[in-house]
């Protein structure tokens, strides 16, 4: 069962728990609502924790009808949402931050589009001052604890 715990850490942090992927549309709606005007989302979690799966649910929540896939080799995928563009980054394969500079990351991050960033630890010096930090903890094969924090 999906549930939300409010008020954790002064209202800037939300804790969500999901016990199946069927609950992800509700989880995604909670995250979008909680983020208010936030456009930059950083995703942390072990390989296979469900970062891309959650991003798919977020893209659907934002109105994209396109198939959402991991941009592991392309680094960034672009989708059209109901009201905004959505950029999905996977920086796992970057060797250094200069590769993100070379691809013109600023044009994406500061475009007012939604930016969903997997493996942001690969570009620590390039991250904006304000973002939504999402940490996915694996509880078991079906359950995830999702911590959402406004930075």
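Report yes if residue 42 is touching a helix residue (DSSP H, G or I) at 6+ places or on another chain (Cβ under 9 Å), closer than 14 Å to residue 144 by Cβ and touching a residue at least 24 places away in the same chain (Cβ under 8 Å), otherwise no.
On the way: touching a helix residue (DSSP H, G or I) at 6+ places or on another chain (Cβ under 9 Å): yes; closer than 14 Å to residue 144 by Cβ: no; touching a residue at least 24 places away in the same chain (Cβ under 8 Å): yes.
Spelling it out, it is not the case that residue 42 is touching a helix residue (DSSP H, G or I) at 6+ places or on another chain (Cβ under 9 Å), closer than 14 Å to residue 144 by Cβ and touching a residue at least 24 places away in the same chain (Cβ under 8 Å).
Could you say whether any residue in segment 73-86 is on the phi > 0 side of the Ramachandran plot and modelled with pLDDT of 95 or more?
Taking segment 73-86 first, the residues on the phi > 0 side of the Ramachandran plot are 75.
From what's left, modelled with pLDDT of 95 or more: none.
For segment 73-86, residues on the phi > 0 side of the Ramachandran plot and modelled with pLDDT of 95 or more: absent.
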Quiz item: Is there a residue in segment 120-137 that is free of Cβ contacts under 8 Å to residues at least 60 places away in the same chain and within 25 Å of residue 18 (Cβ to Cβ)?
Solution: no
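How do the helices (runs of 4 or more DSSP H) wholly within segment 50-151 filter down when requiring 2 or more residues that are within 20 Å of residue 31 (Cα to Cα): which remain?
Those helices (runs of 4 or more DSSP H) span 51-61.
Any chance you could count how many residues in segment 100-119 are in contact (Cβ under 8 Å) with a residue 24 or more places away in the chain and in contact with a helix residue (DSSP H, G or I) (Cβ under 9 Å, 6 or more places away or on another chain)?
Residues of segment 100-119 in contact (Cβ under 8 Å) with a residue 24 or more places away in the chain: 100-101, 103, 108-109, 111-119.
When the remaining residues are screened for being in contact with a helix residue (DSSP H, G or I) (Cβ under 9 Å, 6 or more places away or on another chain), the result is 100-101, 109, 114-119.
Summing the residues that are in contact (Cβ under 8 Å) with a residue 24 or more places away in the chain and in contact with a helix residue (DSSP H, G or I) (Cβ under 9 Å, 6 or more places away or on another chain) in segment 100-119 gives 9.
Output the number of residues of segment 21-49 satisfying the condition of being within 20 Å of residue 122 (Cα to Cα) and in a loop (DSSP other than H, G, I, E, B). If you could, list the steps in order and put the result at the bottom.
Narrowing segment 21-49 to residues within 20 Å of residue 122 (Cα to Cα): 39-49.
Checking which are in a loop (DSSP other than H, G, I, E, B) leaves us with 39, 45-49.
Residues meeting the conditions: 6.
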Exercise. Just name the residue that is nearest to residue 32 (Cα to Cα) out of those in segment 90-142 that are more than 14 Å from the chain's Cα centre (by Cα) and buried (at least 18 other Cβ atoms within 10 Å of the Cβ).
Key: 108
Quiz item: When only residues in segment 45-62 that are touching a strand residue (DSSP E or B) at 6+ places or on another chain (Cβ under 6 Å) and touching a residue at least 60 places away in the same chain (Cβ under 8 Å) count, which is surrounded by the most Cβ atoms within 10 Å (Cβ to Cβ)?
Solution: 55
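The values are calculated or read from the model by the stated rules, or taken from the named source; none is laboratory data. A quick note: this is a predicted structure, and the numbers were derived from the prediction, not measured. Because the Cβ atoms are built from the backbone with ideal geometry, glycine has one as well, and the counts that use them run over all protein chains shown.
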